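See structure below.
What follows is calculated from the coordinates using simple rules that are stated; it is not laboratory data. All figures in this text were calculated on a predicted structure; none of them were measured in a lab. Positions of Cβ are backbone-derived with ideal geometry, glycine not excepted, and every protein chain shown enters the neighbour counts.
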Amino acid sequence: MDDADWTQSRARLPRPVVTLLTDFGLSDPFVGVMKGVALGECPTATFVDITHDIEPQGLRAAAFWLGQAYAWFPAGTVHLAVVDPGVGTARRAIVACAGGHCFVAPDNGLLEVVRRREPALRARVIDSAKLGLPVPSRTFHGRDLFAPVAGRLAAGTVPFDDVGPEIELGDSALVPEPRRGERTAEGQVVVADRFGNLVTNLDGLPASALATATVRVLGRTVRVVGTYGDLARGECGAVVGSFGQLEVVVREGSAARDLGAKPGTPVLVDW
Amino acid sequence: MDDADWTQSRARLPRPVVTLLTDFGLSDPFVGVMKGVALGECPTATFVDITHDIEPQGLRAAAFWLGQAYAWFPAGTVHLAVVDPGVGTARRAIVACAGGHCFVAPDNGLLEVVRRREPALRARVIDSAKLGLPVPSRTFHGRDLFAPVAGRLAAGTVPFDDVGPEIELGDSALVPEPRRGERTAEGQVVVADRFGNLVTNLDGLPASALATATVRVLGRTVRVVGTYGDLARGECGAVVGSFGQLEVVVREGSAARDLGAKPGTPVLVDW
Amino acid sequence: MDDADWTQSRARLPRPVVTLLTDFGLSDPFVGVMKGVALGECPTATFVDITHDIEPQGLRAAAFWLGQAYAWFPAGTVHLAVVDPGVGTARRAIVACAGGHCFVAPDNGLLEVVRRREPALRARVIDSAKLGLPVPSRTFHGRDLFAPVAGRLAAGTVPFDDVGPEIELGDSALVPEPRRGERTAEGQVVVADRFGNLVTNLDGLPASALATATVRVLGRTVRVVGTYGDLARGECGAVVGSFGQLEVVVREGSAARDLGAKPGTPVLVDW
């Protein structure tokens with residue numbers, strides 16, 4: 001049972017680990033006070049920020065990055081993910097476990113990619129009253145609900161089974177899957193990273209294909225290479241990026257800027 | 001005695017906690033080297049950043065955010081706050097304790113809101129010579145004075161009473177209090193957060209009033225709602241924000257941008 | 001032997017300390033997943049970010065800042081530094097030790113200033129196969145090679161001697177030294193910090209000279225002062241900055257903006 005995986009792994013960690021992913025930015029104290037509250041419940045926690053620079057309400061990018069990042073952390077980690085445009089409305093607040101990892105988040109699609117990778121994901125809705133949590137503010141459930149629950153889970157003071165009733169996660173369609181043909185795949189740009197690399201949803205391309213593959217985006221055709229150094233300075237190409245997704249890149253430049261591509265821009269691969 | 005509260009709470013923490021708030025940004029190594037120095041004095045410290053994105057010399061925003069954030073951390077925490085336009089001039093460097101919390105900061109108004117919330121705040125000026133600290137650089141007391149003192153306090157190697165002579169904090173008027181009438185209050189914008197929400201100094205509004213209250217700012221009149229979801233997309237309104245202050249917001253937009261409001265802009269509430 | 005200094009110091013630290021310096025920014029999960037991987041190898045590590053805001057491929061600024069920052073951390077610290085334009089090409093991946101500090105980085109000049117300050121620096125190339133590390137991705141050696149090696153070094157599970165064969169570091173000329181005369185020195189701007197202060201490579205100026213020294217940059221002549229408060233608001237001058245380098249500054253302004261100076265701009269001091 002996947003929550004048993006997480007439960008046992010958590011107990012074996014020398015120190016609890018809590019990751020954070022939000023759209024709060026780092027300019028205001030929101031992330032800091034979430035950590036303060038989590039420390040109150042779990043005084044020995046180590047915090048690692050995945051990112052807080054998701055654009056406001058950017059559920060697509062958040063779901064994508066959480067899905068790429070979580071498995072690089074030790075089994076037993078608690079992932080506190082709060083991108084929550086529906087705060088204060090009827091959306092559910094949940095805890096979900098799979099593959100040795102535990103997620104505390106709103107049920108709004110944020111776990112869509114995690115769920116795709118962990119079909120055995122099990123979720124429970126947070127029963128605040130049962131957990132003795134005070135009524136949260138209307139606007140900052142990250143601090144008032146998600147952070148203390150993450151802290152208690154990380155500390156082991158609340159077992160997954162005591163969080164609340166088991167539920168099925170809601171459906172979402174934030175991060176589409178590519179359409180795959182025999183020697184072709186059609187996907188799209190999901191996010192641009194800090195370097196302007198266009199990260200697509202095109203994963204799982206056969207290695208044998210990559211040597212001859214071409215990529216079409218916004219009227220351009222570029223070749224697939226092994227790494228940035230295989231391109232000339234300023235040349236546009238495609239690489240299999242570090243998370244296994246095809247990326248459109250410009251060596252020592254910015255593909256996002258040069259191509260004017262954005263999340264949703266179609267990208268086609270043929271080989 | 002409030003420093004006894006902090007002293008006892010600190011001793012009970014499984015691990016020392018040190019928060020940091022500065023205007024140094026995260027692009028340069030200034031914050032990192034402060035943590036390095038604090039680790040030298042307190043090798044088991046957990047650090048939590050409150051924010052480092054205060055605009056340079058932004059004492060008003062810094063005093064406001066420190067005052068909102070500190071109490072969300074466990075009792076026993078040491079708060080290292082350095083927004084220090086007067087570095088190298090005659091301003092005093094101090095340690096202050098109240099309510100289970102300890103603050104290491106310049107005496108320049110940075111603790112103004114903390115002091116308003118903790119009337120029993122007691123302060124001591126840092127006696128560097130007595131503490132055996134080397135002469136600090138002229139420009140980086142965060143690293144040379146405040147960080148090592150914060151580290152020693154967090155580690156328990158220097159008790160509050162040994163920091164230096166007790167003093168009265170200087171007066172400051174960075175974060176004004178609202179003017180309150182029978183069914184009205186007049187305040188101002190203090191800061192804009194990352195989302196463009198205009199956070200005001202209007203706190204403590206009676207809950208019964210909020211259902212009928214209207215808010216006037218820059219010629220506009222908006223209603224007070226419970227949360228963002230109660231507004232239409234793009235609609236401007238006011239909410240009681242997560243720190244108890246009235247905020248002028250635009251749902252899935254930016255009130256700061258749409259209204260052109262800035263810190264100091266007057267905001268009136270009637271009910 | 002300098003690696004013995006580091007080895008012994010590491011063993012004496014109550015908790016392992018790992019610093020990070022990259023050009024990855026904090027908007028994407030790259031830094032977070034490096035920490036996740038390092039935690040997998042060293043579950044009790046404390047992480048401190050030096051900076052992740054080096055401009056992409058900014059080896060000069062990275063080498064400069066790493067050289068200024070490392071020694072402020074406790075002896076025994078592991079510094080994980082990844083600015084790696086040559087990722088996936090023939091550049092070597094190394095571990096180097098000196099002065100109680102251990103560095104895990106590409107051999108591309110990133111350690112140039114460290115090496116200048118620590119002439120006894122010894123380096124070994126990372127033997128991935130010997131260490132049992134899986135084949136890394138082509139584009140993210142920070143996560144696949146440098147982070148796990150840093151984690152193992154910090155945990156003490158791999159001694160420096162077992163990293164791989166000893167080598168001489170390659171030559172580089174990223175951060176030039178000033179030209180020094182009897183009563184003059186000619187240097188250049190290396191980086192601009194967040195405040196717009198122009199940090200130069202002019203260090204080691206005699207204290208007695210500073211009272212009468214003048215500084216010439218881009219056609220302007222300014223005086224050297226003790227600290228910002230010695231200048232009028234908006235006045236341009238020079239100070240010995242917190243890392244011992246001469247800096248051209250504007251009190252409560254930005255010298256970078258006001259002067260239009262950039263990295264490489266010549267700066268002359270006469271006294």
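Listed values, structure above:
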{"read-out": "Burial order of peptide ranges B:175-186, C:146-157 (average beta-carbon count within 10 Å, highest first)", "value": "C:146-157, B:175-186"}
{"read-out": "Under 13 Å from the B:LEU218 label point (7 Å along Cα→beta-carbon), backbone N, region B:236-257", "value": "B:236-237, B:248-250, B:254-257"}
{"read-out": "Rg in Å to one decimal, and Dmax rounded to a whole Å, for the protein assembly as shown via C-alpha atoms", "value": "26.7, 79"}
{"read-out": "Cα lying deepest toward the dipole's positive end in the protein assembly as shown, options A:GLY164, B:PHE73, C:SER254, charges on Cβ", "value": "C:SER254"}
{"read-out": "Helix-only CD estimate at 222 nm, as mean residue ellipticity for chain C, using -39500 (n - 2.57) per DSSP H run (n ≥ 4)", "value": "-6000 deg cm²/dmol"}
{"read-out": "Sites C:GLU186 and A:ASP127 - FRET efficiency at Förster radius 51 Å, r taken between beta-carbons, to 0.05", "value": "0.15"}
{"read-out": "Inter-chain Cβ neighbour average for residues B:147-156, partner chain, 10 Å", "value": "0"}
{"read-out": "Long-range amide H partners of A:ARG92 with built H, under 5 Å", "value": "A:ASP107"}
{"read-out": "Potential lengthening between B:ARG179 and B:GLU55 on full extension [0.36 nm per residue; Cα-Cα distance subtracted]", "value": "41.9 nm"}
{"read-out": "Calculated label separations, C:PRO206, copies of the chain, 7 Å along the beta-carbon direction, nm", "value": "7.5, 7.5"}
{"read-out": "Efficiency of FRET between B:THR44 and B:ARG12 - r from beta-carbon atoms, R0 22 angstrom, step 0.05", "value": "0.90"}
{"read-out": "Ordering of A:45-55, B:255-265 by packing [mean C-beta count within 10 Å, highest first]", "value": "A:45-55, B:255-265"}
{"read-out": "Rg/Rh ratio calculated on Cα atoms of region C:220-262 (Kirkwood radius)", "value": "0.92"}
{"read-out": "Fraction of beta bridges assigned by DSSP in region A:6-104 that are antiparallel (%, nearest 5)", "value": "25"}
{"read-out": "Exercise: per-residue mean of other protein chain Cβ atoms within 10 Å, A:42-48", "value": "6"}
{"read-out": "HN-Hα J in Hz across region B:45-54 - Karplus 6.51, -1.76, 1.60, θ = phi - 60°, x for Gly and Pro", "value": "5, 9, 9, 10, 7, 7, 6, 10, 9, 4"}
{"read-out": "Overall form of region C:3-86 per C-alpha gyration tensor (a/c, 1.5; a/b vs b/c)", "value": "oblate"}
{"read-out": "At 7 Å out from Cα toward Cβ: B:GLY234 inter-copy label distances (nm, ascending)", "value": "4.1, 4.1"}
{"read-out": "FRET efficiency estimate (nearest 0.05) - Cβ-Cβ, C:GLU252 to A:ALA211, R0 45 angstrom", "value": "0.20"}
{"read-out": "When chain A is reduced to its Cα atoms, the Kirkwood hydrodynamic radius in Å", "value": "19.6"}
{"read-out": "Whole-number D in µm²/s for region B:151-271 (Stokes-Einstein; Kirkwood sum over Cα pairs; 4 °C, 1.567 mPa s)", "value": "81"}
{"read-out": "At q = 0.14, 0.32 Å⁻¹, base-10 log of I(q)/I(0) for region B:57-100 (Debye sum, equal scatterers on each alpha carbon)", "value": "-0.40, -1.26"}
{"read-out": "For A:VAL191, distant residues with modelled amide H under 5 Å away", "value": "A:VAL199"}
{"read-out": "DSSP-defined beta bridges in the protein assembly as shown - what % are antiparallel, rounded to 5", "value": "75"}
{"read-out": "For residues of B:18-28, the mean tally of beta carbons on other chains within 10 Å", "value": "5"}
{"read-out": "Across the identical copies, how the C:PRO176 labels are spaced - nm, sorted shortest first, 7 Å along Cα→Cβ", "value": "5.4, 5.4"}
{"read-out": "Euclidean distance of C-alpha centroids, region C:239-257 and region B:77-155, integer Å", "value": "24"}
{"read-out": "Positive-end extreme of charge dipole, region B:7-55 - chosen from B:PHE47, B:GLY32, B:SER9 (charges on Cβ)", "value": "B:SER9"}
{"read-out": "Per-residue HN-Hα couplings for region B:188-200 [Karplus 6.51, -1.76, 1.60; θ = phi - 60°; Hz; x = Gly/Pro]", "value": "8, 5, 9, 9, 9, 7, 4, 8, x, 5, 8, 8, 9"}
